[in-house]
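Down below is the structure, laid out as structure tokens.
Since every read-out is calculated from the coordinates, none of them should be taken as a lab result. None of the values given here were measured: they were computed from a predicted structure. Using ideal geometry, Cβ is built from the backbone for each residue, glycine included, and neighbour counts are taken over all protein chains shown.
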Amino acid sequence: MSISAEISSAVGLEKKVFPVIPLRYLHTPPFRFDFSKHNPEIQGVDMSDANTLQTFIDETLSKNGKTWGMGGYNEDRFFYEKSELFKSGSEYRSIHLGLDIWLPAGTELYAPLESKVHSFQNNAHFLDYGPTIILEHNISGVIFWTLYGHLSMESLSELH
């Protein structure tokens, strides 16, 4: 049975579901990054500097013999308090509401389900998503969206 068929039957979907990342990565477990305030390893990393963060990610993957990594949903990320983007009134949201996947630059990504491009733009604000694509999915009349952020600018070039 294919991975897409296994996922489809596991979640009861009548449409096929596909992996978002190439299968060659799914054969090895990712490094599990912890960007929560409880991880002492990231306390000294300047999370506001994309190059410093990328160096930390690359070095961590290399040190652990991994080719890809994942960061967690629902982590309490202290560095969000450095951006007005996460502020509402006098309160900051520090909980991460997505799943991060780190792959080598240029790695292809796939839509997990049949979809159409809902929107795309470069969200270039401090600690924002950067180049972002939002896909709209419709399964038996249930409409939902998936967001892909921190992409390359080339990812947006031929969308409409």
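Summary table
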{"item": "Restricting region 70-136 to chymotrypsin sites (Phe, Trp or Tyr not before Pro) in coil, as DSSP defines it, with at most 16 other Cβ within 10 Å", "result": "Tyr73, Tyr110, Phe126"}
{"item": "Karplus-derived 3J(HN,Hα), 6.51/-1.76/1.60, for each residue of region 71-86, Hz, glycine and proline x", "result": "x, x, 6, 6, 6, 8, 9, 4, 6, 4, 5, 8, 10, 5, 4, 9"}
{"item": "Selection from Met153, Val17, Thr55 lying farthest towards where the dipole of the chain points positive, charges on Cβ", "result": "Val17"}
{"item": "Point-charge dipole on Cβ atoms (K/R +1, D/E -1) for the chain, about Cα centre, debye to 20", "result": "320"}
{"item": "Taking N as its residue count, the alpha carbon Rg of region 82-160 over 2.2 N^0.38 Å", "result": "1.25"}
{"item": "For Ile95, net neighbour charge (Lys/Arg +1, Asp/Glu -1) across residues whose Cβ lies under 13 Å away", "result": "-1"}
{"item": "Percent breakdown of C-alpha pair distances by 10 Å bin, ordered from the shortest bin, for the chain", "result": "9, 32, 36, 20, 3, 0"}
